[in-house]
Amino acid sequence: MKKKILIPIEVLKEESMPEGIIDLLKDTEVTLLGIHDIPEQTAASQASMQYKERIESILRNIKSRFVESGVKTETRQVFTHNKEKTIERIEEEEDIDATLLLNPMQTHKKILIIYRYKENLKKAGELINQMGLNKSIVGLMLVEPEDTTLDQGVSILMNTGIKQESIKERIKTRREDIVKEIENQSSEYGLIFIGKVGKSIKETILGNISEKIKKATYGPVILLEGMKSIDKPEELEES
Amino acid sequence: MPTRPQIDEGNPEPLPGKDTDEVCIQEEGVELERTIGLMGGLTIGIGTMIGAGIFVFPGLAAGNAGPASILSFIIGGVIALLVALPASELATAMPRSGGGYFFVSRSMGTKTGGMVGISLWFGLLFAAAFYLVGFGYYAFEVMYEIGLTIDFDPVVLLAVIAGVLLVAISISGTENTEKLQNAIVTLLIFIIFAFLLYGSLDAFGVFGRETIPEDFAVYGYRPVFSTAALVFTSYLGFAQVATIAGDIERPSRNLPLAMIGSVLIVTILYALTIFVATSTVDSATLGVLGETAIIEVSRELLGMVGAIAILIAGILSTISSANASILASSRALYSVSRDALVPKRLSIINLKYGTPHISLIFAGVIVVVLVVTGQVELLAEVASFLHLVMYGLICLAVIFFRKISPEWYEPDFRTPGYPVLPVIGGISSFALILFMQPVSRWVGLIILVVAALWTVIYASDVKLKSVLE
């Protein structure tokens with residue numbers, strides 16, 4: 001079955017669909033979410049009155065590029081004061097398999113998989129297969145405190161069809177260092193898959209870790225559990 | 001998914017839609033996320049109102065009506081409640097942004113709607129100017145306390161500076177304003193609660209201090225009503241919740257709770273404040289102390305710490321109320337520009353900051369002019385006048401909608417005591433205007449006439465009432 005990928009895109013902030021993303025997703029289904037994050041003091045309806053047509057036409061253009069490549073594509077448009085909350089709602093409504101944060105596609109397709117729970121690895125492997133990337137070189141990053149080991153991780157990935165010799169690197173990191181660690185590794189890897197890691201208390205207060213991770217990398221970021229991967233507070237997630 | 005009747009934003013015709021508790025769906029599949037919860041709604045209501053009733057009016061009110069000014073605040077609270085009930089009904093029937101103007105224009109048509117919408121915009125600017133002058137007094141007190149003296153009265157200057165800064169911040173669309181506003185209101189409530197608790201216990205003689213033996217109505221009962229008219233500015237916040245109805249989560253529950261709840265909470269706080277103030281310091285002295293009298297009350301009760309706490313709270317609350325009013329004014333202008341009653345250009349949003357910069361600058365200019373007058377009581381009364389006209393018409397609008405009963409009109413909240421309470425609410429809203437100073441009534445009346453003339457001339461071809469035909 002085809003996996004369903006959500007792509008939030010802030011077209012009003014000049015975000016565009018990078019070359020190569022369409023090719024990457026050619027065997028999946030896509031929901032394009034034209035999202036516009038407005039400051040709290042502006043009524044959502046006010047922004048929508050002025051910009052909905054513009055967003056609509058940009059979305060239509062992008063959609064037609066996907067459709068030309070044979071990708072089944074839906075579009076949605078939303079104005080919000082809380083981007084993460086909105087993305088989570090839409091992930092649930094659309095029952096998506098993963099959410100993709102846009103960044104330019106890199107020429108090399110080395111993949112970094114960041115995970116904490118082994119269920120997410122199976123998902124990552126399936127998705128990598130569906131994208132036809134199972135020959136790519138893979139790095140595995142385990143986030144502590146973990147309920148599994150890197151060796152277990154390797155064998156789960158092998159079960160999904162990834163060759164052991166492809167898995168070149170094994171890294172452990174702590175939850176609070178995750179953004180820094182991604183920054184260190186990002187020049188090596190063209191594509192990042194990230195499973196549920198929970199959100200530290202500091203990030204709960206400062207917010208917007210998805211933005212930080214997106215900025216810390218060069219290539220697209222695929223959130224295996226959607227926004228929940230990184231934007232749910234750790235303690236809520238575990239309870 | 002629950003089905004709820006909806007009114008399309010730009011078009012007076014109601015359309016079948018699929019609003020939910022989380023999202024407000026527009027035509028063509030555009031979604032507007034509802035992001036403000038009950039606490040957010042209460043904060044908007046309370047945060048807008050609390051600046052005046054506690055930190056600016058007690059001295060003025062007690063000076064006018066003595067301890068009986070507690071009745072003035074209660075009268076104001078009852079009128080606000082009588083309006084909040086029908087406003088809640090209308091808002092749950094039409095959980096879209098626009099508020100009072102929307103209800104009035106859709107029931108009574110373009111002319112009345114335009115008059116109310118445009119004059120409400122002025123009303124909010126008068127309110128913002130009033131809060132800024134109040135802020136000026138508090139900032140002046142701070143300068144005085146830290147020993148900074150200058151040889152001219154800096155109140156107006158300080159108020160102007162604050163106004164310009166607020167507009168600049170509003171335009172640059174700082175993130176996290178809501179979190180900041182929540183934090184400020186929470187801190188305020190905490191300080192006020194501590195002050196009122198201690199003050200009330202003291203007033204009942206718990207700490208053995210003599211309270212002021214004073215007649216309840218030292219100046220008679222007539223000033224109770226004129227004071228009620230003056231201090232009504234303290235209640236001009238609850239309806240703001242309805243103007244952002246499109247952004248409120250679970251509107252059928254949260255809109256009535258936020259509006260009615262915020263009125264009840266501030267009424268109790270105001271009444272207690274007057275009780276504590278007049279039990280601690282005699283009315284004549286409070287009157288002389290004027291806008292910042294409550295600082296002296298706190299100093300009397302709790303010493304230097306009390307004075308400083310109230311000083312900080314006063315600074316925060318006047319500025320937060322001014323900010324809320326300026327932002328509300330840009331939403332009010334948007335509501336009328338959406339219906340083409342004023343040029344649409346006025347409320348365009350700039351892409352960089354996501355804020356309506358033209359309407360905010362426009363508001364800023366007028367507010368500064370108003371602040372320069374420095375007339376606290378005039379600014380307050382005109383603001384109240386222009387709001388009260390709309391409040392009265394909201395009460396009539398609910399009767400109107402119930403009588404016509406359009407198919408889509410299915411409010412989740414229904415005004416209790418209908419039709420008696422809305423009628424009393426409408427009459428008392430208009431009646432309160434009669435107790436204002438003549439000059440305030442004239443200024444208010446002139447603004448109403450100008451707004452009506454503008455609508456007739458500029459928007460002669462706009463039809464907003466078709467929803468009922």
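The values are calculated or read from the model by the stated rules, or taken from the named source; none is laboratory data. Keep in mind it's a predicted model, so treat the numbers as computed, not measured. When we count neighbours, we look across all protein chains shown, and the Cβ atoms used for this are built from the backbone with ideal geometry, even at glycine.
Taken as a whole, the condition of being within 16 Å of the chain's Cα centre (by Cα) and either assigned to a helix (DSSP H, G or I) or within 14 Å of chain B (Cβ to nearest Cβ) (or both) applies to A:Arg89. Take the conditions more than 14 Å from chain A (Cβ to nearest Cβ), hydroxyl-bearing (Ser, Thr, Tyr), surrounded by 14 or more Cβ atoms within 10 Å (Cβ to Cβ) and on the phi < 0 side of the Ramachandran plot and apply them to B:Thr227. Does it pass? In short, yes.
Only one of the numbered conditions (1) loosely packed, with under 15 Cβ neighbours inside 10 Å; (2) touching a Cys at 6+ places or on another chain (Cβ under 7 Å) is not met by B:Trp442, and that is (2). Remark: A:Leu59 falls outside the filter, which requires a residue to be more than 7 Å from chain B (Cβ to nearest Cβ) and either part of a loop (DSSP other than H, G, I, E, B) or touching a Pro at 6+ places or on another chain (Cβ under 9 Å) (or both).
Of the residues making up the stretch A:17-47, those that are among the hydroxyl-bearing types (Ser, Thr, Tyr) and either in a helix (DSSP H, G or I) or at pLDDT 90 or above (or both) are A:Thr28, A:Thr31, A:Ser45. Per the listing A:Leu112, A:Leu100, the residue uniquely outside any helix (DSSP H, G or I), hydrophobic (A, V, I, L, M, F, W, C), more than 10 Å from chain B (Cβ to nearest Cβ) and under 17 Å from A:Pro8 (Cβ atoms) is A:Leu100.
Could you pull out the residue among B:Ala162, B:Ala168, B:Ala183 that is part of a helix (DSSP H, G or I) and either buried (at least 24 other Cβ atoms within 10 Å of the Cβ) or in contact (Cβ under 8 Å) with a residue 24 or more places away in the chain (or both)?
B:Ala162
Where helices (runs of 4 or more DSSP H) fall wholly inside the stretch A:122-239, the ranges with 3 or more residues that are at pLDDT below 80 and surrounded by fewer than 20 Cβ atoms within 10 Å (Cβ to Cβ) are A:201-206, A:234-238. Within the stretch B:323-352, being in a loop (DSSP other than H, G, I, E, B) and farther than 18 Å from B:Ala245 by Cα holds for B:Ala340, B:Leu341, B:Val342, B:Pro343, B:Ile348, B:Ile349, B:Asn350, B:Leu351, B:Lys352.
For residues in the stretch A:62-75 being of a type in the set (Val, Ile, Thr) and part of a helix (DSSP H, G or I), which is nearest to the other protein chains (Cβ to nearest Cβ)?
Step by step, filter the stretch A:62-75, then rank; the result is A:Ile62.
Each residue in the stretch B:230-262 was checked for being within 21 Å of B:Ala65 (Cα to Cα) and either within 14 Å of another protein chain (Cβ to nearest Cβ) or small (Gly, Ala, Ser) (or both), and 1 of them qualify. Being surrounded by fewer than 24 Cβ atoms within 10 Å (Cβ to Cβ), more than 25 Å from the chain's Cα centre (by Cα) and touching a residue at least 40 places away in the same chain (Cβ under 8 Å) is the filter here, so list the residues in the stretch B:284-299 that pass it. Correct list: B:Ala284, B:Val288.
Criterion applied to B:Ala328, B:Ala313 was being buried (at least 20 other Cβ atoms within 10 Å of the Cβ) and within 14 Å of the chain's Cα centre (by Cα), and the one residue passing it is B:Ala328.
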